[in-house]
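Asker: Below you'll find the structure I mean.
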């Protein structure tokens, strides 16, 4: 089964292809908020590198967030368009799950943290279990100080991954029980996406395109700005 993965939750966009032999190709590009311009060429390039046709794809996996509104909207819309055209199922996976996945062999508690802008973070905690990771609780949106308080509430060793942890590194770096992951783990990876999606596909855990919905955790910036404007105008 050939699976196409599309990842677009942060400033980095990417895609990857996987089949029963493993990951065949991956492309990641960080060019600000140009996801709409970059995804189609990236998918075409990945297909060329893997020597496959897009019509060979049997399922489409997408990052459903949380993340930046525009990136999520573009990535999910692209995935739905391809899946609908090919009449294949989809698999949606959380961006925070994708961030934590490469650190799954760590014995520490893992905090996956995405920069939500406006002084906020999207984050969730994970622990290693046999065969992978287990998320402990639902993803939340909160301030860096709220995350710091949750970290301080437990004495166990913790690993922070994601661009949100990197942005507020000064707040976390002096905590005795915390290690900040290196730059290579700052963004969700399309490779992690297809690896997790492949495991779900083997269990036939998929959705139809119209069932896939983004996880925003808060209203889009434009909606928030309009609400503020209405309040000011009263």
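No lab work stands behind these numbers, since they all come straight from the coordinates. All values reported here derive from a predicted model rather than from experimental measurement. FYI the Cβ positions are ideal-geometry reconstructions off the backbone, even for glycines, and counts take in every protein chain you see.
Asker: Treating the angle as unsigned and between 0 and 90°, give the value, to the nearest 10°, between the Cα long axis of helix 69-86 and the longest Cα principal axis of the chain.
Answerer: Helix 69-86 sits roughly 20 degrees off the main axis of the chain.
Asker: If you don't mind, there's one more thing I want to ask. Which whole-number percentage describes the relative contact order of the chain, with Cα contacts under 8 Å and a sequence gap of 6 or more?
Answerer: Normalised by residue count, the contact order of the chain is 23 percent.
Asker: Against the longest alpha carbon principal axis of the chain, how many degrees, from 0 to 90 and to the nearest 10, is the axis of helix 190-202 turned?
Answerer: Helix 190-202 sits at roughly 70 degrees to that axis.
Asker: So for the range 96-185: antiparallel DSSP bridges make up what percent, rounded to the nearest 5?
Answerer: 65 percent
Asker: If you don't mind, another one. So how do 10, 55 line up by other beta-carbon neighbours within 10 Å, fewest first?
Answerer: Ranked by crowding around the Cβ, least crowded first: 55, 10.
Asker: Sticking with this one: With springs only between Cα atoms under 10 Å, which of 66, 188, 41 fluctuates most in a Gaussian network model of the chain?
Answerer: For the chain, modelled as a Gaussian network with Cα springs under 10 Å, the answer is 41.
Asker: Taking Cα pairs under 8 Å and at least six residues apart, what relative contact order does the range 96-185 come out at, in percent?
Answerer: Relative contact order for the range 96-185 comes out at 29 percent.
Asker: Top mean-square fluctuation among 215, 175, 54, Gaussian network model of the chain, C-alpha springs under 10 Å?
Answerer: Top of the fluctuation ranking is 175.
Asker: OK, next. Please order 198, 128 by the number of other Cβ within 10 Å, starting at the fewest.
Answerer: So the residues, fewest neighbours to most, are 128, 198.
Asker: Looking at the chain, what % of its DSSP beta bridges pair antiparallel, to the nearest 5?
Answerer: Roughly 65 percent of the DSSP beta bridges within the chain come out antiparallel.
Asker: Here's a follow-up. Give me the one-decimal nm value for the distance between modelled label points at residue 167 and residue 129, 7 Å along each residue's Cα-to-Cβ direction.
Answerer: Simple spin-label model gives 3.0 nm for this pair.
Asker: Which residue fluctuates most in the GNM of the chain (Cα springs below 10 Å): 97, 63, 19?
Answerer: With Cα springs under 10 Å in the chain, the top fluctuation among 97, 63, 19 is at 19.
Asker: Quickly estimate the mean residue ellipticity at 222 nm for the chain, helices only: each DSSP H run with n ≥ 4 gives -39500 (n - 2.57), and the total goes over all residues, rounded to 500.
Answerer: Helices in the chain give a 222 nm mean residue ellipticity of -10500 deg cm²/dmol.
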